[in-house]
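*Asks:* My questions all concern the structure below.
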Amino acid sequence: MITLAKALNAGLRKAMENDPKVVLLGEDIGRLGGVFRITDGLQKDFGEDRVVDTPLAESGIVGSAVGLALRGYRPVVEIQFDGFVYPAYDQIVNQVAKMHFRTGGKVTMPMVIRIPFAGGIGAVEHHSESPEAQFAHTPGLKVVACSNPIDAYWMIQQAIASPDPIVFLEPKRLYHSDKAELDLAVPPVPLFSSRVVRRGDDLTVLAYGPTVKTALNAAAAAEKEGTSLEVVDLRTLSPLDLAPVFASVRRTGRAVVVHEAHTNLGMGAEVAARISEECFHSLEAPVLRVGGFDTPYPPARAEEHFLPDLDRLLDAVDRSLTW
Amino acid sequence: MSEFVQLLTPEGERREHPDYDYRGGPDQIRSLYRDMTLVRRFDAEATALQRHGELGLWAPLVGQEAAQVGAGRALRAQDHVFPTYREHGVAWCRGIDPLQVLSLFRGIDYGSWDPTEKGFNLYTLVIGAQALHAVGYAMGVQRDGAVGTGDPDRDTAVVAHFGDGATSQGDVNEAFVFAASYQAPVVFFCQNNQWAISEPLERQSRIPLYRRAEGFGFPGVQVDGNDILATYAVTQAALQRAREGGGPTLVEAYTYRMGAHTTTDDPTRYRLSDEVEHWKLKDPLARVEAYLRRNGFATDAFFTELAAEADALGERLRTGVRQLAEPTPHQLFDRVYAEIGDELAAQRDGYDAYLASFADAAPTDGGTLETAVAR
Ligand SMILES: Cc1ncc(C[n+]2csc(CCOP(=O)(O)OP(=O)(O)O)c2C)c(N)n1
């Protein structure tokens, strides 16, 4: 059994072994192994040139990674916490995202920006944000979110191998709590694809990152009440892989999207719009969204109110079913 | 500008410095010592409360009491402070109830004091962001004509606190540029506690931090951050320079973080215990105690009474923290805007109704579809 944190560590190690051009950069990722220990032991084994402890400057980290990428390296950047990506926002959306386009395709930006994201760990301010929509809204970036150890192991390697810049979201509250058996004989799911993680007939729940677990728990609870929920892990947020989603919704006739990010203009809005366009005639109810409220992420002792939990998800399921 | 400023040695002996002197008498030194003692107790109590699960996190200041109380006590009422997240000692000097600081770390709010009233902004967790706020505030002070008037109750200085790691951030460097360009009445007070989590000072700078100031066009001074007389004197001089219209100063308080970065950090993974032992010998409180005792400026009774006062503070914090009011769902919604809009009000009311549905429903095991269907 391997935790999500250990799976990422193993995936990073594999990628570094396979390609000497892979370089890790970030705050505290060396001797400390990162504040979440995702890079534990890597500096010891690969040296300070491959696992670079950087000064405390996010724009510096991402901006210098741009230069490294221009020089033929494959930088993998760790942003310590979601709320601290914004000092690097300009570099990410104006430089990283546009380099391939601006150079007429002559230059690629094979960069991975790892962000531990979302909440539920009782943290202080800026440590529980879900900034995915801001990046998914930026052409030139790809955005993926892992939700379990097996995906984490493969997805990080696939992301590093990809020629395009990828914002790689890691559900931090599952780092050490989620365990799975990693069978290397089972081939990985392609990176940019969504996946049905539970079969069901009455309604399709769409989730990614930490809410996949919430959705699965909700599905288990609903089953006891005789309701059969299908759960799709979106996995890739930009590009979206919606063909399996459309197939599912055409069968169930109902869909609920769940994420922690603010609901207004969030991923759910896009997914709901696309389902409406593609599956209008199959729908028995409007596509519903369950997300964080349109408020800043609250202090820890109020986060239970903010975070979409099993009950809020089931409430939406119920509204859809009784439409 | 000047050599390392120290006015009281680790052994508790007074030192002369050509540019700085501490002019307070024994009364004031006792009172500085009192503040450091109470702040240290506040910190120890908070660490213990975190271990008992009463706080989500704590960023200990132990070792940095002299830097903070020295800087905090040098302020005047009209001055304004922009702290990071470890400035508990400065907050104390600004008259902020420690329970308000604990409330933040308990996860109830993001700071409940009134920044305007206290002259002390909310804690800032994004490294370096507040340095720019301080400069902007100082630019406002200039526009209000509150510098260089010669009126001690009017002339105002602004302080930005940050750590050694923060000096790498763009925001801090931009703050230096702005402050220099406009000669803003701001004091950049850097507590160089040698570490930014696991990254040592050498990862941020090849030269002593105070020397950076020169490159931006204003003076920098390095002070023994474990010497409260020196931090007080140096900060006071820098504040006065700012109030008089002399422009910015960078003060580097050379100190040490004795504890972990925060309660979730494990410093044994990156630093040697030798180093910690070495800094223990420079303890900011011990040297003042030695000084007071050696010169007969404080009796045993003073120390005994102070210990009792610290115990009482500890007790007040222990009980007080458990009595802090929990945040209500309404605080989520009602504080987002000065004027709430219809859409958000509808979200709030919808959530109220949703919560009410649980109150109406028969209790189930934590709420399932049944609860939801019961609506
Ligand atoms: C922009 C940003 N990046 C990363 C962090 C995470 N972080 C919190 S404290 C810290 C180290 C700060 O070191 P320093 O500035 O020396 O201050 P100290 O805590 O030592 O007083 C880091 C990296 C943050 N809060 N903000």
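*Asks:* Out of everything in the stretch B:236-265 that is over 21 Å from B:Glu202 (Cβ atoms) and within 14 Å of another protein chain (Cβ to nearest Cβ), what residue ends up being nearest to the ligand (Cβ to nearest atom)?
*Replies:* My answer is B:Thr262.
To keep it simple, each residue is scored yes or no on (1) in a helix (DSSP H, G or I); (2) farther than 21 Å from A:Pro171 by Cα.
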{"position": "A:Lys6", "(1), (2)": "yes, no"}
{"position": "A:Ala15", "(1), (2)": "yes, no"}
{"position": "A:Leu25", "(1), (2)": "no, no"}
{"position": "A:Arg31", "(1), (2)": "no, yes"}
{"position": "A:Arg37", "(1), (2)": "no, no"}
{"position": "A:Gln43", "(1), (2)": "yes, yes"}
{"position": "A:Glu48", "(1), (2)": "no, yes"}
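*Asks:* Counting only residues that are away from the ligand (no atom under 16 Å from the Cβ) and closer than 25 Å to B:Ala253 by Cα, which one in the stretch B:148-167 is farthest from the other protein chains (Cβ to nearest Cβ)?
*Replies:* Once the filter is applied, the top-ranked residue is B:Asp155.
*Asks:* The conditions are (1) over 30 Å from B:Ser273 (Cβ atoms); (2) more than 16 Å from the ligand (Cβ to nearest atom), and B:Arg212 fails exactly one of them. Which is it?
*Replies:* (2)
*Asks:* Residues in the stretch B:81-120 that are within 14 Å of chain A (Cβ to nearest Cβ), of a type in the set (S, T, N, Q) and away from the ligand (no atom under 16 Å from the Cβ): how many?
*Replies:* Of the residues in the stretch B:81-120, 3 are within 14 Å of chain A (Cβ to nearest Cβ), of a type in the set (S, T, N, Q) and away from the ligand (no atom under 16 Å from the Cβ).
*Asks:* If we scan the stretch B:307-325, do we find a residue that is within 12 Å of chain A (Cβ to nearest Cβ), under 22 Å from B:Asp97 (Cα atoms) and out of contact with any helix residue (DSSP H, G or I) (no Cβ under 6 Å at 6 or more places or on another chain)?
*Replies:* yes
*Asks:* Scan (1) surrounded by fewer than 22 Cβ atoms within 10 Å (Cβ to Cβ); (2) more than 27 Å from B:Leu122 (Cβ to Cβ); (3) within 14 Å of chain B (Cβ to nearest Cβ) for the single condition A:Val62 breaks and write down its number.
*Replies:* Looking at each condition in turn, A:Val62 falls short on (1).
*Asks:* Also, quick follow-up: Can you tell me which residue within the stretch B:185-206, out of those that are within 14 Å of chain A (Cβ to nearest Cβ) and in a loop (DSSP other than H, G, I, E, B), is farthest from the ligand (Cβ to nearest atom)?
*Replies:* B:Arg206
*Asks:* Consider the stretch A:267-281. How many of its residues are loosely packed, with under 15 Cβ neighbours inside 10 Å and either in contact (Cβ under 8 Å) with a residue 40 or more places away in the chain or more than 20 Å from A:Thr211 (Cβ to Cβ) (or both)?
*Replies:* Number of matching residues: 4.
*Asks:* Given the residues A:Gln95, A:Gln91, which is the only one that is over 18 Å from A:Glu170 (Cβ atoms) and within 13 Å of chain B (Cβ to nearest Cβ)? Break it down stepwise before answering.
*Replies:* Values: A:Gln95 fails: within 13 Å of chain B (Cβ to nearest Cβ).
Exactly one residue qualifies, and that residue is A:Gln91.
*Asks:* Would you confirm whether or not the stretch B:220-233 contains a residue that is more than 23 Å from B:Gly89 (Cα to Cα), within 16 Å of the ligand (Cβ to nearest atom) and either at pLDDT 95 or above or among the small types (Gly, Ala, Ser) (or both)?
*Replies:* no
*Asks:* Still on this structure, please answer the following. Evaluate the following for A:Phe101: is it surrounded by 23 or more Cβ atoms within 10 Å (Cβ to Cβ), away from the ligand (no atom under 16 Å from the Cβ) and over 30 Å from A:Val186 (Cα atoms)? Before you say what the answer is, go through the steps one by one.
*Replies:* Details: surrounded by 23 or more Cβ atoms within 10 Å (Cβ to Cβ): no; away from the ligand (no atom under 16 Å from the Cβ): yes; over 30 Å from A:Val186 (Cα atoms): yes.
No; evaluated as a whole, the condition is false for this residue.
The values are calculated or read from the model by the stated rules, or taken from the named source; none is laboratory data. Keep in mind that what you see is a predicted model, and the values were worked out from it rather than measured. Virtual Cβ from ideal backbone geometry, glycine too; neighbours counted across all protein chains shown.
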